[in-house]
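Here the structure is laid out as structure tokens; the discussion comes afterwards.
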Amino acid sequence: MCLSFITAWRLRRQLKRPAPEQFRAFDDAGRVVLLAQSRELSSLLPGIQELADAGIKITLVVEIHHSKEVLPATLPGCQPILRLRTSWWWNRPSRQFLASFDAHDGDVLIDASTTPSLPLLCLAVRSRASFKIGVAKGEENPFHLQILMPDSSGAGHPDGGVSPAAGTPLDAGGLLKNALFYWKKIGVKENNL
């Protein structure tokens, strides 16, 4: 983590160059790359099942913070499940991991992480996916469809109070559910025009 500021600087430079957006409808997606953090993996299972039921192949990339955490060997619809390996000095994915990631890249990338992660941001920027979905975790981000997290302050409510939904922050499963909902709705609108 000593040189992570260099990694962050490189990412900011790459994000200033706009990535071409090519919308991919839910029904037309062949493979989805799903970025997740290990502590919220269990909340993602219903969304993963929804993708698998639609016949979409899933590359699941999981960031693990503790070496004692164990990934499941298999999940329905997920082939492969990649454990994110990072370079400690640079705080970015290792070269060996990137080779594996590039071999299993998809048409669509969904970042279901709820907290900022420099290695996951590196993967979101590196991915060749034509359509990227995720939560904006800063000013600059690589996502074409951005899901907003509910604000727990009363600033967004018309009468200054806190709405019931605003008090509960989304977990990764809720984030994935919302991402899939809006992604499907956009596809319906484009097909009906």
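The values are calculated or read from the model by the stated rules, or taken from the named source; none is laboratory data. Given the structure is predicted, the values throughout are model-derived calculations rather than measurements. Heads up, the Cβs are rebuilt from the backbone with ideal geometry, glycines too, and the neighbour counts pull from every protein chain shown. Heads up: the accessible areas ignore ligands, DNA and RNA and are worked out on the full protein's heavy atoms, side chains in. Shrake-Rupley method; radii C 1.70, N 1.55, O 1.52, S 1.80 Å.
Descriptive notes on the structure:
Condition check ((1) among the polar types (S, T, N, Q); (2) within 20 Å of residue 121 (Cβ to Cβ); (3) open to solvent by 10 Å² or more (accessible area, probe 1.4 Å)) across all residues:
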position: 26; (1), (2), (3): no, no, yes
position: 33; (1), (2), (3): no, yes, no
position: 40; (1), (2), (3): no, yes, yes
position: 43; (1), (2), (3): yes, no, yes
position: 52; (1), (2), (3): no, no, yes
position: 55; (1), (2), (3): no, no, yes
position: 62; (1), (2), (3): no, yes, no
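- Any hit, region 120-136, residues being open to solvent by 30 Å² or more (accessible area, probe 1.4 Å) and polar (S, T, N, Q): no
- With respect to the conditions (1) out of contact with any strand residue (DSSP E or B) (no Cβ under 8 Å at 6 or more places or on another chain); (2) aliphatic (A, V, I, L, M); (3) open to solvent by 70 Å² or more (accessible area, probe 1.4 Å); (4) in contact (Cβ under 8 Å) with a residue 12 or more places away in the chain, residue 70 lacks only one, and its number is (4).
- Test: residue in region 90-111 that is aromatic (Phe, Trp, Tyr) and open to solvent by 40 Å² or more (accessible area, probe 1.4 Å): yes
- Within region 28-39, residues that are on the phi < 0 side of the Ramachandran plot and without any contact (Cβ under 8 Å) to a residue 40 or more places away in the chain sit with their Cβ atoms under 7 Å from residues that are open to solvent by less than 20 Å² (accessible area, probe 1.4 Å) and in a strand (DSSP E or B), at 6+ positions apart or across chains, in these pairs: 38/62; 38/63.
- Scanning region 34-77 for residues that are among the small types (Gly, Ala, Ser), at pLDDT 90 or above and part of a loop (DSSP other than H, G, I, E, B) yields 54, 55.
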